[in-house]
Each structure stands twice: as C-alpha cells, then as structure tokens.
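Student: The structure follows.
Laboratory data are not the source of any read-out in this text; all were calculated from the coordinates shown. Computed from a predicted model, the values in this text were never measured in an experiment. When we count neighbours, we look across all protein chains shown, and the Cβ atoms used for this are built from the backbone with ideal geometry, even at glycine.
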Amino acid sequence: MFFTTFHKQTTSGTDILDITGDVEAAIASSKLTDGLVTVGVAGSTASITTIEYESGVVNDLRAAIERIAPREMHYDHDARWGDGNGYSHVRSALLGPSVSIPLLRGSLVLGTWQQLVLCDFDNCGRKRDVYVQIMGG
C-alpha cells in the first residue's frame with residue numbers, strides 16, 4: 001500500500017482543476033503497477049470526479065451544478081452560520097469526496113478523454129489537500 005498527499009490552491013466559486021498529472025506522479029513514486037487508486041479531497045466543500053477536461057465540458061459541468069444547487073437560493077446552513085457557502089456543501093455532497101480508479105501496468109484505467117478533476121465549490125479560495133492511496137502490487 002502507498003499513501004501520499006499533494007496540495008492545490010483554488011479560487012472562489014466553482015473551480016475545476018485537472019489533477020491527472022499529479023496523480024500519475026504519485027503513482028510513479030509508489031513503484032506499484034497494478035491495483036486500485038483512490039483519490040480524495042479533505043473538506044466538505046470540494047469533490048473529486050472525472051470528466052473530459054475541455055473548456056466546453058467544464059463550462060457545461062459548472063452550469064449543470066448551478067442548476068442543481070443554485071448559489072442564490074436559501075440554504076439553512078447560511079441562515080445558521082452566515083458564511084454564505086451552503087450551496088458549496090450541497091454541491092460537494094452530490095459529487096462526493098473521492099473516486100477509485102483501477103491501476104493496470106502502471107497506468108490509470110481511464111478513457112481516452114477522461115481526466116481526474118478537483119472541484120472546489122467554496123466561496124473563497126482554499127489550499128486543498130488531495131490524497132492518493134494505492135492498494136496493489
């Protein structure tokens with residue numbers, strides 16, 4: 001088993017960052033070739049998912065997330081805490097904190113146009129801790 005973390009600075013709003021290269025670097029450091037790679041983010045206002053990291057698709061994802069959990073609607077969290085990021089908690093919960101991808105012969109098993117992305121939904125920029133855990137041999 002192998003475990004490591006890396007950090008990403010995000011901006012406010014719905015920031016979507018391609019982290020595929022960072023995960024591939026972690027895999028190379030692990031010396032493992034076959035198994036399962038879990039990538040996750042610590043925090044309740046960010047998520048990890050996969051997507052084709054192309055500006056049109058990224059914009060479409062942002063728009064879909066805005067339709068599902070609009071920033072400007074009432075959230076009880078905001079009423080209770082006054083921090084204005086209730087929407088970011090809901091968005092994060094919908095996408096989830098982690099994904100697991102098979103590792104085969106030293107490479108992530110991803111589709112041709114599929115990348116791993118960090119989605120940060122919070123209303124202020126953050127330094128996000130992304131973890132990579134690899135189980136295998």
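Student: For region 52-116, what's the relative contact order in percent, using C-alpha pairs closer than 8 Å and at least 6 residues apart?
Tutor: This gives 34 percent for region 52-116.
Student: Could you work out the relative contact order of the chain, using alpha carbon pairs under 8 angstrom and six or more residues apart, expressed as a whole percent? Walk me through the intermediate numbers first.
Tutor: Numbers: 279 pairs, mean separation 74.9, N = 137.
The value is 55 percent.
Student: Under the rule of -39500 (n - 2.57) per DSSP H run of 4 or more residues, summed and divided by the residues of the chain, what mean residue ellipticity at 222 nm is obtained, to the nearest 500 deg cm²/dmol? It would help to have the intermediate numbers written out before the result.
Tutor: Values: 4 runs with 41 residues, N = 137.
It comes out at -9000 deg cm²/dmol, rounded to the nearest 500.
Student: How large is the dipole of the chain about the Cα centre if only Lys and Arg carry +1 and Asp and Glu carry -1, each at its Cβ, rounded to the nearest 20 debye? Mind showing how you got there, number by number?
Tutor: Values: 11 positive and 16 negative charges, 57 e Å.
Here the size comes out at about 280 debye.
Student: Counting other beta carbons within 10 Å of each residue's own, what order do R105, R71 fall into, fewest first?
Tutor: Ranked by crowding around the Cβ, least crowded first: R105, R71.
Student: I would also like to ask the following. Mind sorting T11, T50 by how few other Cβ atoms lie within 10 Å of their own Cβ, fewest first?
Tutor: Values: T11 12, T50 16.
With the sparsest Cβ surroundings first, the list reads T11, T50.
Student: What angle do you read, to the nearest 10 degrees and between 0 and 90, between the alpha-carbon axis of helix 20-30 and the longest principal axis of the chain?
Tutor: So the inclination is approximately 40 degrees.
Student: I would also like to ask the following. If you plug each phi of region 114-122 into the Karplus form 6.51 cos²θ - 1.76 cosθ + 1.60 with θ = phi - 60°, what whole-Hz ³J(HN,Hα) values come out, in order, with x for Gly and Pro?
Tutor: 9, 10, 8, 10, 9, 10, 10, 9, 5
Student: Related question: So how far, in whole Å, is the C-alpha centre of region 24-59 from the one of region 96-137?
Tutor: 1 Å
Student: Sort F6, F121 by Cβ crowding within 10 Å, fewest neighbours at the top.
Tutor: Numbers: F6 14, F121 28.
Listing F6, F121 from fewest to most nearby Cβ atoms yields F6, F121.
Student: Compute the long axis of helix 55-68 from its Cα atoms, compare it with the longest principal axis of the Cα atoms of the chain, and write down the angle in degrees, 0 to 90, nearest 10.
Tutor: 50 degrees
Student: Another question, then. Could you give the angle, 0 to 90 degrees to the nearest 10, between helix 86-95's Cα long axis and the longest principal axis of the Cα atoms of the chain?
Tutor: 30 degrees
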